[in-house]
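S.K.: Have a look at this one before I ask anything.
The values are calculated or read from the model by the stated rules, or taken from the named source; none is laboratory data. Remember, it's a predicted structure, so these values are computed and weren't measured experimentally. Reconstructed Cβ throughout: ideal geometry from the backbone, glycine too, with neighbour counts over all protein chains shown. When the accessible area is computed, the model is the full protein with side chains, heavy atoms only, and any ligands, DNA or RNA have been set aside. Shrake-Rupley method; radii C 1.70, N 1.55, O 1.52, S 1.80 Å.
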Amino acid sequence: MAAGAAEAAVVAVEEVGSAGQFEELLRLKAKSLLVVHFWAPWAPQCAQMNEVMAELAKELPQVSFVKLEAEGVPEVSEKYEISSVPTFLFFKNSQKIDRLDGAHAPELTKKVQRHASSGSFPPSANEHLKEDLNLRLKKLTHAAPCMLFMKGTPQEPRCGFSKQMVEILHKHNIQFSSFDIFSDEEVRQGLKAYSNWPTYPQLYVSGELIGGLDIIKELEASEELDTICPKAPKLEERLKVLTNKASVMLFMKGNKQEAKCGFSKQILEILNSTGVEYETFDILEDEEVRQGLKAYSNWPTYPQLYVKGELVGGLDIVKELKENGELLPILRGEN
């Protein structure tokens, strides 16, 4: 009986192996909720989340669950801007309606249940969800001293108002973090009610709403903006400090405990085999560093390894140095 249950769970999560198969599945499952797990076989956190999906599939037979190997079907991963695993996308009527990045089982369960029910929760559950959302919004608005909720990212704004807001903040050298409201429909709708402000972008300082673009323009004109928002250290100075934070510094997708791309995983294995102490920086957590370090080091990809603030190179160079027996002396600062 246990074996049969395990088999049913496996069957309940379909595997997609090509872009054509994925498009066909979107069409076939248009009437129901489709949850897609972009995963990688080398990532243990993905295996755990596959088990969570199998359990959800048993509890919610009306929902379709699919896993897609992110690096195996790159055209689909690129289309939906999948840069780390695990990532979950939610589809209804062949349209993406929500997204979840990372191995967060409670959050995945909550999102699946909410989208599957389409608002048919009993009132007590709705109140509970509202409380959870408000707590999440409070954390997000306090995530950095200056938080911008916008359409897109500072590098790729997806509306004119968001673009203008980013330009003003950059012009005044204001240090800010951002949240792309297109990446999370729950936040997009919830923040409007939470802050009683119906449009985007929205700028928060110390968790308090300052306002939208018109108010920021007024503050700029009255020269009050510089007194309200925290100033950023120059990016180049910040990168210099970060690359020198430890004798051996690895800039990667993920961290020592949890690599989020195959290249980062391989370089971790090589470094761990040397026994040399090193620190890591997760470039997925900081878009400014992710983009800025490419120009600073004149190196376009990740991971990047630094010794005493100097770039050694990426995975291919590290592999080559290991094969030649040169890696250990470099890591120890002997070269």
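S.K.: For ASP132 and GLU71, calculate 0.36 nm times their separation in residues minus their Cα-Cα distance, and state this gained length in nm to one decimal.
M.R.: Full extension of this stretch gives 18.6 nm more.
S.K.: If you don't mind, another one. Normalised by the residues of the chain, what does the relative contact order come to in percent, with Cα pairs under 8 Å and at least six apart?
M.R.: Averaging sequence separation for qualifying contacts and normalising by length gives 12 percent for the chain.
S.K.: Can I ask one more? What is the Cα centroid distance between the range 233-299 and the range 135-159, reported in whole angstrom?
M.R.: 23 Å
S.K.: Given a 1.4 Å probe, how much area per residue of the range 14-117 is accessible, in Å²?
M.R.: For the range 14-117, the solvent-accessible area averages 44 Å² per residue.
S.K.: Note down the accessible area of ARG332, probe 1.4 Å, to the nearest 10 Å².
M.R.: Approximately 140 Å² for this residue.
S.K.: Hey, can you find the accessible area per residue of the range 143-228 for me, probe 1.4 Å, expressed in square angstrom? It would help to have the intermediate numbers written out before the result.
M.R.: Details: 4240 Å² over 86 residues.
Result: 49 Å² per residue.
S.K.: Which value, in Å² and to the nearest 10, is the accessible area of GLU237 when all protein chains are kept and the probe is 1.4 Å?
M.R.: Rounded to the nearest 10, the figure is 110 Å².
S.K.: Moving on to the next point. I'd like the antiparallel share, as a percent to the nearest 5, of DSSP beta bridges with both residues in the chain.
M.R.: Antiparallel bridges make up about 60 percent of those DSSP assigns within the chain.
S.K.: In what sequence, highest mean first, do 319-330, 40-51 appear when ranked by Cβ atoms within 10 angstrom? The partial results should precede the final answer.
M.R.: On the way: 319-330: 13.9, 40-51: 16.6.
With the highest mean Cβ count within 10 Å placed first, the list reads 40-51, 319-330.
S.K.: A further question follows. Just subtract the alpha-carbon distance of LYS240 and SER32 from 0.36 nm times their residue separation and send over the number in nm, one decimal. Write out the running numbers ahead of the final one.
M.R.: Numbers: separation 208, 0.36 × 208 = 74.88 nm, distance 5.01 nm.
Here the segment from LYS240 to SER32 would lengthen by 69.9 nm.
S.K.: A follow-up question, please. Can you give the log10 of the normalised intensity I(q)/I(0) at q = 0.17, 0.19, 0.22, 0.24 Å⁻¹, computed with Debye over equal Cα scatterers of the range 143-228?
M.R.: Debye intensities relative to I(0), on a log10 scale: -0.63, -0.79, -1.08, -1.30.
S.K.: Which entry in (i) 31, 61, 8, 0; (ii) 26, 52, 21, 0; (iii) 36, 59, 5 matches P(r) over Cα pairs in 20 Å bins from 0, in percent derived from the coordinates of this structure?
M.R.: (ii)
S.K.: Right, next: Can you grab the distance from the C-alpha centre of the range 15-61 to the C-alpha centre of the range 177-229, Å, no decimals?
M.R.: So the two Cα centres are separated by 35 Å.
S.K.: Which distance in nm do the two modelled labels at SER94 and LEU328 give, with both placed 7 Å along the Cα-to-Cβ direction?
M.R.: Here the modelled spin labels are 5.9 nm apart.
S.K.: A further question on this structure: Would you work out what percent of the accessible area of the range 14-117, with all protein chains in place, is carbon or sulfur (probe 1.4 Å)?
M.R.: 51 percent
S.K.: Please compute the per residue accessible area over the range 236-332 with all protein chains in place, 1.4 Å probe, rounded to a whole number of Å².
M.R.: 52 Å²
S.K.: Same structure, new question: Ignoring ligands, DNA and RNA, how do GLU107, GLU78 rank by accessible area with a 1.4 Å probe, largest first?
M.R.: I get GLU78, GLU107, largest accessible area first.
S.K.: Multiplying the sequence separation of ALA47 and ILE317 by 0.36 nm and subtracting their Cα-Cα distance, what value in nm do you get? Don't jump to the answer; show the numbers that get you there.
M.R.: Numbers: separation 270, 0.36 × 270 = 97.20 nm, distance 3.02 nm.
Extra length available between ALA47 and ILE317 comes to 94.2 nm.
S.K.: Let me ask another. Which value, in Å² and to the nearest 10, is the accessible area of HIS170 when all protein chains are kept and the probe is 1.4 Å?
M.R.: Near enough 110 Å² of accessible area.
S.K.: Looking at the P(r) of the range 234-321, how many percent of alpha-carbon pairs lie beyond 23 Å?
M.R.: Distances greater than 23 Å cover 12 percent of the Cα pairs.
S.K.: At 1.4 Å probe size, with the rest of the protein present, what percent of the exposed accessible area of the range 143-228 is carbon and sulfur atoms?
M.R.: 49 percent
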